[in-house]
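Student: Right, I'll just put the structure down here and ask away after.
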Amino acid sequence: MKSIINEFLDLVKQRNVNEPEFLQAVEEVAETVLPYIVKHDIYYGKNILLRMVEPERVVTFRVCWVDDNGEIQVNRGYRIQMNSAIGPYKGGLRFHPTVNMSILKFLAFEQVFKNSLTTLPMGGGKGGSDFDPKGKSDNEIMRFCHAFMSELFRHIGHNTDVPAGDIGVGAREIGYLFGMYKKISNGFTGVLTGKGLSWGGSKIRPEATGYGTVYFAENMLNTKNDSIKGKNVVISGSGNVAQYAAEKVIQMGGKVLTLSDSSGYIYDSDGINTEKLKFVMHLKNEKRGRIKEYLNEYPNAQYTEGETPWKVPCDVALPCATQNELKLNDAKSLLSNGCICVSEGANMPSTNGAINTFHKAKILFAPGKASNAGGVATSGLEMTQNSLRFNWTREEVDKKLKEIMGNIHDSCIEYGQEEDGYINYVKGANIAGFVKVADAMLAQGIV
């Protein structure tokens, strides 16, 4: 079996040199899915996984825009349309200086499995630009978004490809992007998700990824007759996902100890309660400040420069910042400090070494493609509401989100439970996501 996996990975490496993030994502999937393929004749010999790692379409384009000084700036725009076997491409747009082909291909590949797990009819895609919104005026961001959409519009549509937000793309950016799409296409369609509530958005869409991550952690803990209540929880990040993960932990009776950004992390031994979290939301969302400013308001907290929070003793860890933020030594620190559950809120925040360490220790570990699928699930619900010209209440959407996360958890158990009773959620998520997409690809022939 090892030789089959290595042969497959060698071929993928030859075709995708200098794309480490993408190769990491493929390796993690191949190690669990290829053994399953070999044991099932319906998939074996069809090169299904090889077809899945090759994007159906890759779009790259130039984005020219004018800054506030009248200077012409040039950025790169991308859209990776990975797989449409079960529905239109669906996945976020990321505006960040680190954006490149490798990162977007890894995100698009993960999105295929994540969207499949939701059971909603959505394929996988991802896109974005190396544009950095930080430090830019609203007018500069508007001009960039309009320029970006003036090219992207020809490649998307409500039955073709439905982008959403991601890092650097929030409600403001979605509004500017949608405005230009509507003008060019002369139509008001649900072509983007994450829209404002007054013009087609869904309730709790901003909260969904963070909420879903905590719901998944709760489902995992329930298998041990345990819960979030009374647990010490360490969270990385302080953006949208981290904020709402913290909010849900507090609502469910857990104690949030940390938040972080790219500069460092804060540790509040008294716990980050609802009042303190409101301050963080104002600080990050409106003032666009740094997390260390938390100490100006709450001086009893501690700030650690240039580090991630994984050395802080906890029961539950929620990595909600970015890819590969939780490394092998971080995993060892968490285990030695009593962590029993890790639920990923970001996309691929744990390295393969860290994941293997969690599995060896047999703690509860949820990969992002399962535990952070709440965001895209609610995006799918937004698409449904747009098609119906109808809005569900906050309670209705939250109930559907909770049900979807529960169903994803059940799928992971179905395909991931091992002989000794341990639930390998990575294996379960990969195989469950693969089966639905593979069956659709087989039914549609070689296209």
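Only the coordinates and a few stated rules stand behind these numbers; no lab work does. Note that the structure is a prediction, hence the values are computed from the model and not measured. Here the Cβ positions follow ideal geometry from the backbone for every residue, glycine too, while neighbour counts run over all protein chains shown.
Student: Net charge near G168: determine it from the other residues with C-beta under 11 Å of the C-beta of G168, scoring Lys and Arg +1 and Asp and Glu -1.
Tutor: Numbers: positive: R94, K134, K136, R172; negative: D130, D132, D166, E173.
Around G168, the surrounding residues sum to 0.
Student: How many percent of DSSP beta bridges within the chain run antiparallel, rounded to 5? Intermediate results must be reported in sequence, preceding the final value.
Tutor: Working: 27 of 47 bridges.
So the antiparallel bridges in the chain amount to around 55 percent.
Student: Still on this model: Need the list of lysines near K360 for cross-linking: C-alpha distance under 20 angstrom, and skip anything on the same chain fewer than eight residues off.
Tutor: K2, K224, K311, K327, K332, K427
Student: Please enumerate, by chain and number, the lysines with C-alpha under 20 Å from the C-alpha of K136, excluding those fewer than 8 residues away in the same chain.
Tutor: K284, K287
Student: Amide H neighbours of V342 under 5 Å, counting only residues 5+ apart in sequence or on other chains, H built in-plane at 1.01 Å?
Tutor: Those lying under 5 Å, H to H, from V342 are A317, L364, F365, A366.
Student: A further question follows. Can you find, among H359, I228, Y215, the residue sitting farthest towards the positive end of the charge dipole of the chain, where Lys and Arg contribute +1 and Asp and Glu -1 at Cβ?
Tutor: Checked the options; the winner is Y215.
Student: Using DSSP to call loops (not H, G, I, E or B), can you name the GluC sites (Glu not before Pro) in the stretch 237-341 whose Cβ has at most 16 other Cβ atoms within 10 angstrom? Show your work: numbers first, answer last.
Tutor: Values: sites: E247, E275, E286, E293, E297, E305, E307, E325; in loops: E307, E325.
Loop-located and lightly packed - E307.
Student: A further question on this structure: Based on DSSP H runs of at least 4 residues, each adding -39500 (n - 2.57), what is the mean residue ellipticity at 222 nm of the chain after dividing by all its residues, to the nearest 500 deg cm²/dmol?
Tutor: Values: 16 runs with 208 residues, N = 447.
About -14500 deg cm²/dmol.
Student: Something else now. Enter the Cα centre distance for the pair the stretch 210-230 and the stretch 302-321, rounded to the nearest angstrom.
Tutor: Here the two parts' Cα centres lie 19 Å apart.
Student: How many angstrom lie between the Cα centre of the stretch 375-410 and the Cα centre of the stretch 80-110?
Tutor: Here the answer is 21 Å between Cα centres.
Student: Let me ask something else about it. What number, in percent, do you get for the relative contact order of the chain if the mean sequence gap of Cα pairs under 8 Å and at least 6 apart is divided by its residue count?
Tutor: So the answer I get is 15 percent.
Student: Could you tell me what fraction of 2.2 N^0.38 Å the Cα radius of gyration of the stretch 80-140 comes to, as a two-decimal ratio?
Tutor: Working: Rg = 13.4 Å, N = 61, 2.2 N^0.38 = 10.5 Å.
Relative to the rule-of-thumb radius for its length, the stretch 80-140 sits at 1.27.
Student: If you don't mind, another one. For the stretch 375-447, what is one quarter of the convex hull surface built on the Cα atoms, given in nm²? Intermediate values should be presented prior to the final figure.
Tutor: Values: hull surface 27.6 nm².
Across all orientations, the stretch 375-447 yields a mean hull projection of 6.9 nm².
Student: Test of the criteria: in the stretch 104-140, which trypsin sites (Lys or Arg not before Pro) are in a DSSP loop and have at most 12 other Cβ atoms within 10 angstrom of their Cβ?
Tutor: Here the trypsin sites (Lys or Arg not before Pro) that fit, given the DSSP loop and packing criteria, are K134.
Student: Indicate, rounded to the nearest 5 percent, the antiparallel portion of the DSSP beta bridges found entirely in the stretch 206-366. If you can, show how the numbers build up before the last one.
Tutor: Numbers: 8 of 21 bridges.
Of the beta bridges lying entirely in the stretch 206-366, close to 40 percent run antiparallel.
Student: Can you tell me the dipole magnitude for the chain around its Cα centre, using point charges on the Cβ only (Lys, Arg +1; Asp, Glu -1), in Debye to the nearest 20? Display every interim value, and only then the final one.
Tutor: Details: 50 positive and 50 negative charges, 149 e Å.
The calculated dipole for the chain is roughly 720 debye.
Student: Distance in nm between label sites at N352 and R290, each 7 Å beyond Cα in the beta-carbon direction?
Tutor: 3.5
Student: Turning to a different aspect of this structure: At most 16 other Cβ atoms within 10 Å and a DSSP loop assignment: could you name the chymotrypsin sites (Phe, Trp or Tyr not before Pro) in the stretch 411-440 that fit? Write down the numbers at each step before the final one.
Tutor: Numbers: sites: Y415, Y422, Y425, F434; in loops: Y422.
For chymotrypsin sites (Phe, Trp or Tyr not before Pro) across the stretch 411-440 that sit outside H, G, I, E and B with at most 16 neighbouring Cβ atoms in 10 Å, the list reads Y422.
Student: Hey, which lysines would be in cross-link range of K183, C-alpha to C-alpha under 20 Å, not counting anything within fewer than 8 residues on its own chain?
Tutor: Partners found: K195.
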